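Participant: Here it is, the structure, as structure tokens.
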Amino acid sequence: MSSAVDQQKTTNIATGKFLIGLTGGIGSGKTSVANGFAERGASVIDTDAIAHSLTAPGGTAITAIQAAFGNDIISPQGAMDRAKMRALVFSDVRQKLRLEAILHPMIRAEVARQTKLATGPYIIYVVPLLVEKGHWKLARILVVDCDEELQMQRVMQRDGLSEQVVKAIMAQQATRTQRLAVATDVIQNQGAFEALIPEIDRLHQLYCQLSSANQTEYL
Ligand SMILES: Nc1ncnc2c1ncn2[C@@H]1O[C@H](COP(=O)(O)OP(=O)(O)OP(=O)(O)O)[C@@H](O)[C@H]1O
């Protein structure tokens, strides 16, 4: 596991924008929390959503995935067959690296494009594997945290996956301890949705303050 998250206390010089990485284990509530920030005016760039659109029918990554993995990995509709790909990359780490070699540069390019266009007071990058696959220049790291049992319940309910599959996914991710070790901010998502609201409000205010202070430094 690389400790590859490169934090900066100030606005990212390359982009001139205040960048926050949002991460958490599968089903921890990243999307729910990110939506809360978006509702308050933040620019949210979701790397998972980008990966989905790259591998949807007609997506930019489809031709390269087909060339690397064969026709069988592409569904009749022209999307990457996610279930087949999941089985493949779980059983063979080299296949995982091949897929990442195709997708990661495309995701980075799309993140850079959306970052240039972003107009919010700060930007939240939603990066599920931020701790595992770092090298993001960030001012803050926000971890959405909940216990593993709850993660499992939520994912099994949402995606109809078996406990065994969810456990296998979680085993490939960073542990709670590893994530919390790099966090500058933590949102506990252990209770009801409503309990997230004051936490999101508090951090939204903090990020607005920090981003405007940092912007001033660079004017
Ligand atoms: N506080 C909560 N109370 C009840 N259900 C919740 C809560 N937070 C999230 N959920 C539900 O749990 C599931 C996972 O949440 P969400 O999709 O936000 O997590 P995620 O971290 O983005 O997941 P993934 O890693 O799979 O992308 C969703 O069905 C969501 O509606």
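Participant: Looking only at the stretch 14-36, count how many residues are touching a Phe, Trp or Tyr at 6+ places or on another chain (Cβ under 8 Å) and either more than 9 Å from the ligand (Cβ to nearest atom) or part of a strand (DSSP E or B) (or both).
Facilitator: 7
Participant: Out of (1) within 19 Å of Ala34 (Cβ to Cβ); (2) of a type in the set (Gly, Ala, Ser); (3) without any contact (Cβ under 8 Å) to a residue 12 or more places away in the chain, what's the single condition that is false for Ala171?
Facilitator: (1)
Participant: Which of the strands (runs of 3 or more DSSP E) contained wholly in the stretch 75-194 include at least 1 residues that are assigned by TED's automatic domain parsing to the domain that holds Leu19, aliphatic (A, V, I, L, M) and surrounded by fewer than 18 Cβ atoms within 10 Å (Cβ to Cβ)?
Facilitator: The strands (runs of 3 or more DSSP E) meeting that bar are 185-188.
Participant: Tally time: how many residues in the stretch 180-196 are of a type in the set (S, T, N, Q) and more than 10 Å from the ligand (Cβ to nearest atom)?
Facilitator: 1
The values are calculated or read from the model by the stated rules, or taken from the named source; none is laboratory data. The structure presented is a predicted model; accordingly, all values stated were derived computationally and were not measured. We place every Cβ from the backbone using ideal geometry, glycine too, and count neighbours over all the protein chains shown.
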